[in-house]
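The values are calculated or read from the model by the stated rules, or taken from the named source; none is laboratory data. For clarity, every value in this text was computed on a predicted model and none was experimentally measured. As a convention, Cβ positions derive from the backbone with ideal geometry for all residues, glycine included, and neighbour counts pool all protein chains shown. The accessibility values were calculated without ligands, DNA or RNA, using every heavy atom of the protein model including side chains. Shrake-Rupley method; radii C 1.70, N 1.55, O 1.52, S 1.80 Å.
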Amino acid sequence: IHGIRPDEFSRLTRSCLVTLMLVGCMVAGVSVWLVYATGLGWSFCGFSVAAYLVSGMFLLAGLKTYPHPRFGAANTVTAIRTGITCLIAGALFEAERFMDPEMAWGLVAAAALALCLDGIDGRVARHSGTNSDFGARYDMEVDAALILCLSVLAFLLEKAGWWVMLIGAMRYLFVAGQYFDTRLRGKLAP
């Protein structure tokens, strides 16, 4: 595993799991609070938590390529962005509730927070010397998921036509294209 000893890998796994559990508690707590405070349905809470669990499984599966002995502050910021993105994904199941201006502003605030944090994680990684291909990929996948959720919500809230979902699907269409065109499988230039 890129020169990491087994004891360092287990330390990495533990630090990752602690981060995932803490952010997972945040996702669960915020989603339950929103159900009680705003009257959102339990489908919002269930999907938000389920999306976070699935993202955590993908993260753990890719952890073997991470070259540092600890999960790190930058990846923690990205994990928080993942949690916010999963809460926004839960809104897909309650989209009609976000027609209400107060609810819509809450959604805008969550998306703005996720976007602000997007500007922080890479900077923290470079400053701490923990930048890696793993972290860049993690950041990119969270960005893609957030864009997909926001574009689908724009369609469901009747702010744009069906075409807006193509913006959110671009990353996933590119991945699908890799199965049909081998030139798309190569390493991309920064």
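Residue-wise test of (1) of a type in the set (Phe, Trp, Tyr); (2) assigned to a helix (DSSP H, G or I).
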{"residue": "Leu17", "(1), (2)": "no, yes"}
{"residue": "Val32", "(1), (2)": "no, yes"}
{"residue": "Tyr36", "(1), (2)": "yes, yes"}
{"residue": "Val54", "(1), (2)": "no, yes"}
{"residue": "Pro69", "(1), (2)": "no, no"}
{"residue": "Thr78", "(1), (2)": "no, yes"}
{"residue": "Phe93", "(1), (2)": "yes, yes"}
Handout entry: Residue within segment 106-113 that is over 21 Å from Ser48 (Cα atoms) and exposed (fewer than 14 other Cβ atoms within 10 Å of the Cβ) present
Key = no
Practice task
Hey, could you check segment 176-190 for residues that are assigned to a helix (DSSP H, G or I) and modelled with pLDDT under 90 and say which is most open to solvent (accessible area, probe 1.4 Å)?
Solution key: Arg183
Exercise for the section: For Val54, work out the one condition from (1) open to solvent by less than 50 Å² (accessible area, probe 1.4 Å); (2) closer than 18 Å to Leu146 by Cβ it doesn't fulfil. Expected result: (1)
Problem - Residues (open to solvent by 60 Å² or more (accessible area, probe 1.4 Å) and farther than 19 Å from Leu107 by Cβ) located in segment 155-173 - result: Trp162, Trp163, Leu166, Met170, Tyr172, Leu173
Practice task
Mind listing just one residue for me: the one in segment 142-175 that is charged (D, E, K, R) and at pLDDT below 95 and, of those, farthest from Ala114 (Cα to Cα)?
Solution key: Glu158
Exercise for the section: Mind telling me which of the residues Val152, Val142 ends up being in contact with a Ser or Thr (Cβ under 6 Å, 6 or more places away or on another chain), surrounded by 13 or more Cβ atoms within 10 Å (Cβ to Cβ) and touching a residue at least 60 places away in the same chain (Cβ under 8 Å)? Expected result: Val142
Problem - Count of segment 1-42 residues which are modelled with pLDDT of 95 or more, closer than 14 Å to Leu87 by Cβ and among the hydroxyl-bearing types (Ser, Thr, Tyr) - result: 1
Exercise for the section: Determine whether segment 82-98 contains at least one residue that is open to solvent by 70 Å² or more (accessible area, probe 1.4 Å) and β-branched (Val, Ile, Thr). Expected result: no
Fill in the blank from the handout: Flagged in segment 120-135 as out of contact with any Leu (no Cβ under 9 Å at 6 or more places or on another chain), buried (at least 16 other Cβ atoms within 10 Å of the Cβ) and assigned to a helix (DSSP H, G or I), in numbering order, are Asp121, Gly122, Val124, Ala125, Gly135
Problem - Any hit, segment 70-81, residues being over 23 Å from Gly168 (Cβ atoms), surrounded by 13 or more Cβ atoms within 10 Å (Cβ to Cβ) and basic (Lys, Arg) - result: yes
